[in-house]
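J.: Here it is, the structure in full.
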Amino acid sequence: MDDVPGSADGVPGPLDGVLVVAVEQAVAAPFATRQLADLGARVIKVERPGEGDFARGYDTTVLGQSSHFVWLNRGKESIALDLKSDDGRETLERLLARADVLVQNLAPGAAGRLGIRSAQAVERHPRLVACEISGYGEGGPYSDRKAYDLLIQCEAGFVSVTGTPEQPVKAGISVADIAAGMYAYSGVLSALHQRHRTGEGQALEVSMLEALGEWMGFPYLYTRYGGTAPVRAGASHATITPYGPVTTATGEVVNLAVQNEREWVLFCEIVLEQPELATDPRFAGGSARQAHRAELDVIVSDVFAGLDVDTAQRRLDDAGIANARQRTMDGFAEHPQLAARDRWRDTDTPAGPVRMPLPPVTAGWAEPTGAVPAAGADTGSILRWLDESPPHTTS
């Protein structure tokens, strides 16, 4: 399509030639290594013989395959190793001797017994960038606790500020896992850059609690220094109003965001067609609007209840007020902006092609074309490659 930025055919990704060994399961580590694979790294995923990564069994909705697994494992090779056996551990060590990066999210005790805690692995392989992802991090009373995404959302206070006044709720996606995966990904890239300058690897640690905790900066500061937590406001903003969903006469929901006093005046004049509200003392300034939120919500809702969705968005656009339709997953899949930018590609999986979005960074290197592997599908070829490939030297 004309004027649509795209990736250059045949230009290797920036991580071409980088070998990543992923001893991973579930979401956090696979999310990190999927990003590395999309940048051209060779990612060898170590899985249990037979069942593989237990995320393969989360559901069967994608042509009989797990939606989580298909999402997280594009572009990887899969080797089946029994890490409880001497042969399995020896093969893993041979992989690490050739690797640039190790990412693992096993339980700390299991990783320690295998000798793949980050510090252990880097001690044996000084050029290695080794990243471990855990629930709570090393040390402290929570270090050995099991950690899953919902539990971390609770421990980080995320659930307490999400939902309605009556009901706290979790996020609809795995925000703690994704946060940890993104910090692991950026940490690995930073350590590879440092190794380019120093020749030395690095031991990295990312905890899900601390990763999601970083994202909780606004509600933490608001609560600690303001004395009260942000209110749970459903899909509306907790501290800015009007900022959130309104239902139109056609039943479709539009979300709008009034950010400042200039926009407030235009909103009153053009969208509400009630210019006198701009100087109404109840709504003069953000704090006043927040204090009289219930009254303002009734006024705004009554206006939008008389507008069809197209008219509502046209008024908002004319006033320069940011707005968006509240789309379902079907609506996202057919989003006109993504279609215009040609952002969907078919990815091969063991059960057939699956339509997936391109990585969000558009650059001059080749688009990812790797497939989602079957469990252990590459075991033979990887073992043959190990026999033919010398390990890194430590000098």
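The values are calculated or read from the model by the stated rules, or taken from the named source; none is laboratory data. Remember, predicted model here, so these are calculated numbers, not experimental data. Neighbour counts run over all protein chains shown; Cβ positions are idealised from the backbone, glycine included. The area values use the complete protein model at the heavy-atom level, side chains included, leaving out ligands, DNA and RNA. Shrake-Rupley method; radii C 1.70, N 1.55, O 1.52, S 1.80 Å.
J.: Which one of the conditions (1) surrounded by fewer than 22 Cβ atoms within 10 Å (Cβ to Cβ); (2) in contact (Cβ under 8 Å) with a residue 24 or more places away in the chain; (3) under 25 Å from Trp71 (Cα atoms); (4) touching a Gly at 6+ places or on another chain (Cβ under 8 Å) does Ala147 fail to meet, given that it meets all the rest?
T.: The single condition Ala147 does not satisfy is (1).
J.: Moving to a separate point now. How many residues are in a loop (DSSP other than H, G, I, E, B) and touching a Pro at 6+ places or on another chain (Cβ under 9 Å) if we restrict to the range 138-177?
T.: Looking only at that region, the number is 6.
J.: Okay, moving on. Quick check on my filter: what residues within the range 338-380 are assigned to a helix (DSSP H, G or I) and either in contact (Cβ under 8 Å) with a residue 60 or more places away in the chain or within 23 Å of the chain's Cα centre (by Cα) (or both)?
T.: The answer is Leu338, Ala339, Ala340, Thr379.
J.: Answer yes if at least one residue in the range 267-278 is in contact (Cβ under 8 Å) with a residue 40 or more places away in the chain and under 25 Å from the mean Cα position of the chain (by Cα), and no otherwise.
T.: Checking the range 267-278: not a single residue is in contact (Cβ under 8 Å) with a residue 40 or more places away in the chain and under 25 Å from the mean Cα position of the chain (by Cα).
J.: Follow-up question, since we're still on this one. Please tell me if Gly331 is loosely packed, with under 13 Cβ neighbours inside 10 Å, among the small types (Gly, Ala, Ser) and within 30 Å of Val43 (Cα to Cα).
T.: Considered against the rule, which asks whether it is loosely packed, with under 13 Cβ neighbours inside 10 Å, among the small types (Gly, Ala, Ser) and within 30 Å of Val43 (Cα to Cα), Gly331 comes out as no.
J.: Right, another one. Only one of (1) over 30 Å from Ala238 (Cβ atoms); (2) crowded, with 16+ Cβ neighbours inside 10 Å; (3) touching a residue at least 40 places away in the same chain (Cβ under 8 Å) is not met by Tyr136, so which one is it?
T.: Just one mismatch for Tyr136, condition (1).
J.: Kindly check whether there is at least one residue in the range 334-355 that is modelled with pLDDT of 95 or more, among the hydrophobic types (A, V, I, L, M, F, W, C) and buried (at least 16 other Cβ atoms within 10 Å of the Cβ).
T.: yes
J.: Touching a residue at least 60 places away in the same chain (Cβ under 8 Å) and in contact with a Phe, Trp or Tyr (Cβ under 8 Å, 6 or more places away or on another chain): is that true of Ile321 in this structure?
T.: Here the answer is yes, as Ile321 does meet what is asked.
J.: Then there is this: Among the residues of the range 275-285, are any open to solvent by 50 Å² or more (accessible area, probe 1.4 Å), modelled with pLDDT of 95 or more and among the hydrophobic types (A, V, I, L, M, F, W, C)?
T.: The answer is no, given that none of the residues of the range 275-285 is open to solvent by 50 Å² or more (accessible area, probe 1.4 Å), modelled with pLDDT of 95 or more and among the hydrophobic types (A, V, I, L, M, F, W, C).
J.: Additional query: Within the range 34-45, how many residues are in contact with a strand residue (DSSP E or B) (Cβ under 9 Å, 6 or more places away or on another chain) and either farther than 14 Å from Pro373 by Cα or open to solvent by 30 Å² or more (accessible area, probe 1.4 Å) (or both)?
T.: Of the residues in that region, 3 qualify.
J.: When the residues of the range 207-262 are filtered to those that are within 30 Å of Glu276 (Cα to Cα), among the charged types (D, E, K, R) and without any contact (Cβ under 8 Å) to a residue 60 or more places away in the chain, which remaining residue is surrounded by the most Cβ atoms within 10 Å (Cβ to Cβ)?
T.: Step by step, filter the range 207-262, then rank; the result is Glu261.
J.: Filter the range 16-38 down to the residues that are closer than 14 Å to Leu189 by Cα, in contact (Cβ under 8 Å) with a residue 60 or more places away in the chain and in a loop (DSSP other than H, G, I, E, B) and list them by number.
T.: Within the range 16-38, just Val18 meets the criteria.
J.: Do we find a residue being in contact with a Gly (Cβ under 8 Å, 6 or more places away or on another chain) and buried (at least 16 other Cβ atoms within 10 Å of the Cβ) anywhere in the range 97-115?
T.: No.
J.: Looking only at residues that are among the hydrophobic types (A, V, I, L, M, F, W, C) and either modelled with pLDDT under 95 or not in a helix (DSSP H, G or I) (or both) in the range 195-216, which one is farthest from Ala179 (Cα to Cα)?
T.: Ala203
J.: Part of a helix (DSSP H, G or I), within 18 Å of Arg42 (Cβ to Cβ) and open to solvent by 30 Å² or more (accessible area, probe 1.4 Å): which single residue out of Arg89, Arg94 fits that description?
T.: Arg94
J.: Identify the residue in the range 46-84 that is under 18 Å from the mean Cα position of the chain (by Cα) and assigned to a helix (DSSP H, G or I) and, among all such residues, is surrounded by the most Cβ atoms within 10 Å (Cβ to Cβ).
T.: The qualifying residue surrounded by the most Cβ atoms within 10 Å (Cβ to Cβ) is Leu72.
J.: Output the residues belonging to the range 233-274 that are in contact with a Lys or Arg (Cβ under 7 Å, 6 or more places away or on another chain) and modelled with pLDDT under 90.
T.: The answer is Thr241, and nothing else.
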